[in-house]
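Since the structure comes first, as structure tokens, the remarks are kept for the end.
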Amino acid sequence: MSKTTIRPAVNKPDQQNGATAPAKGRPTLEVIGLKKSFGTVEVLKNVSLSVAKSEMVFVLGRSGSGKSTMLRCCNRLEEPDSGDILLEGEQITGRGVNLDKVRRRIGMVFQSFNLYPHLDARRNVTLALRKVLKQSRDEADTRAAAALARVGLADKAGNYPSQLSGGQQQRVAIARAIALEPAVMLFDEPTSALDPELVGDVLGVMRELKQDGMTMLVVSHEMAFAREAADRVVFMADGHIVEQGPPEDIFTNPQHDSTRAFLSRYSYGQ
Amino acid sequence: MDQLIQQFFNIDIMMRAWPTIMRGLGVTLLICCAVIPLGLAGGLIAALASTARSRWLRWPAVALVDLFRAIPPLVLLIFVYAGLPFTGIQLSPFVAVTVAFLLNNSAYYGEVFRAGLISIGKGQAEAARSTGLTQRQTLVHVILPQAIRNVLPDLISNTVEVVKLTSLASVVSLGELLHAADLARSVTYNASPLTLAAGVYLVLIWPVVRLLSRYQRRISV
């Protein structure tokens, strides 16, 4: 097992020692020394990562490399065994944290969409606006309409999830998350459950979010999209981050064996 | 044949028993009004406890549900009404019926609700919690509406069973429909009041059963 290769473009988490670090240049999301085991299987072995404001970071790696677990630790759907997670400089791990308050600032998009099937698209978006942000019906409806328009589904507000295609469902799920105006968005294989011809719509929405300055951490196998749109690519293997850097560097000149093996497998037939 | 009509379908007797039967129907409905909402609430609590993450909640809940499903409701009722007085707890017939049926119904409704709860994938709760909804809000607005919809036919069937179950209250001399009919039978030496009571149960339950089959056909298409 060779050592982690860190490229110069990467901001190191240990630059942030002081608690009173200036707000400027402070990463939106910081993961420091994250460890997580399921039973006897160590899934995350000391993972550190930071995502700057408006940055789009892609996490690549084979299934089982720990990337989804790492992502799910970021809003504590998975409870890390140790390590710190900081959102805009604020510690969100540990016991005293109000998780419900933290989670409204972290949007999440799931592989299987997880829309509420008993609610139409509008009410999928407004539920959290009404119950979490305590908005009035009018306020929530207005904001939901804007969010649905942003994902290109202004005319589908009255449709139930079962009446929408997979790509449309995932875009409603994105609208549900961005309506809360989160500081960072987590994408957990957002296109893996989609028919190939529907993937483009979802990636298009993600590209627009990036242009609007959204901070995004994405676990995905969409190599071409990662190469084109990501600011940074992180490669995980066996519970470690083995390599990270600008996509061009990672894709054209991978340093680590497992990255090479992974990329060569994925470049076949493309 | 004449004797059958005389004994079971005697209109005169039925007319005379009518006021008694109607009073019995009132009591039956009163029992239902107490037992059905309480049973639904108890069942929901039992289901939530038996699907809880904490084993200290889960194990006792599962054990109690098993116990009260296994005990025949008649035995339970007799125990509550005639057994508890020996421990100093003397319950009126109505309260005894309510308590016994609450325990019995909560176990049955609990199993129905539990099936509903586990039919909802983990992703629903994860999505809801990821938007900042609390555990309670997630349950009320996301999980329960779907869970109840999934088991609605079972909830209604179970409720029909509860209405029929109320006839057991006659053994503790609570004057519900069957007890009233039996009283009229013993006074008139004629079984026609029982036929009338059966007719009243039919009128009470049949529309629900009919609606239920139509609903089940609609959702299975």
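The values are calculated or read from the model by the stated rules, or taken from the named source; none is laboratory data. None of these values were measured; they are calculated from a predicted model. A quick note on method: Cβ atoms are made from the backbone with ideal geometry, for glycine too, and the neighbour counts reach across all protein chains shown. These area figures cover heavy atoms from the full protein model, side chains too; ligands, DNA and RNA do not enter into them. Shrake-Rupley method; radii C 1.70, N 1.55, O 1.52, S 1.80 Å.
Observations on the model:
- Taking only protein heavy atoms and a 1.4 Å probe, the accessible area of the protein assembly as shown is 57% carbon and sulfur.
- For segment B:162-206 and segment A:237-253, distance of Cα centres in Å: 79
- Solvent-accessible area per residue, Å², over segment A:68-122 with all protein chains present [probe radius 1.4 Å]: 38
- For segment B:1-119: relative contact order, % (alpha-carbon pairs under 8 angstrom, 6 or more apart): 38
- P(r) weight above 22 Å for segment B:126-221, C-alpha pairs, percent: 54
- Solvent-free Debye scattering, log10 I(q)/I(0), computed from the Cα coordinates of segment A:49-184 at q = 0.14, 0.22 Å⁻¹: -0.72, -1.32
- Inter-chain neighbour count for B:165-176: the average number of beta-carbon atoms from partner chains within 10 Å of each residue's beta-carbon is 0.
- Cleavage-rule hits (GluC sites (Glu not before Pro)) in segment A:79-164: DSSP loop, at most 16 neighbouring Cβ within 10 angstrom: A:E88
- In degrees, nearest ten, helix A:257-267 long axis to first principal axis of chain A (Cα): 50
- From phi via Karplus (6.51, -1.76, 1.60), per-residue ³J(HN,Hα) for segment B:149-162 in Hz, x at Gly/Pro: 4, 5, 10, 3, x, 5, 4, 5, 4, 5, 5, 4, 4, 4
- Taking all Cα pairs closer than 8 Å and separated by 6 or more residues, the relative contact order of chain B comes to 32 percent.
- Rounded accessible area per residue of segment B:75-221, 1.4 Å, Å²: 49
- Taking both sides together, the accessible area buried where B meets A is about 1700 Å² for a 1.4 Å probe.
- Rg/Rh for chain B, where both radii come from Cα atoms and Rh is the Kirkwood radius: 1.08
- Over the protein assembly as shown: helical MRE at 222 nm, DSSP H runs n ≥ 4 each giving -39500 (n - 2.57), nearest 500: -17000 deg cm²/dmol
- Distant alpha-carbon pairs in segment B:90-149 (separation over 14 angstrom), percent: 64
- Neighbour count of at most 10 Cβ within 10 Å plus DSSP loop: longest trypsin sites (Lys or Arg not before Pro)-free window in chain A: A:135-270
- Diffusion coefficient, µm² s⁻¹, Stokes-Einstein with Kirkwood Rh over alpha-carbon pairs of segment B:119-173 at 10 °C and 1.306 mPa s: 117
- Evaluated at q = 0.15, 0.19, 0.20 Å⁻¹: base-10 log I(q)/I(0), Debye formula over Cα of segment A:125-270: -0.83, -1.13, -1.21
- Debye log10 I(q)/I(0) at q = 0.20, 0.26 Å⁻¹ for segment A:204-270, Cα point scatterers: -0.84, -1.25
- As a ratio to 2.2 N^0.38 Å, the alpha-carbon radius of gyration computed for the protein assembly as shown takes the value 1.34.
- All-pairs Cα distance distribution in chain A, expressed in whole percent, bin size 10 Å: 7, 29, 35, 22, 6, 0
- Positive-end residue of A:G66, B:L178, A:A193, charge dipole of the protein assembly as shown with Cβ unit charges: B:L178
- Distance histogram for segment B:5-134 (every C-alpha pair counted, 10 angstrom bins, percent rounded to whole numbers): 12, 27, 26, 18, 11, 4, 2, 0
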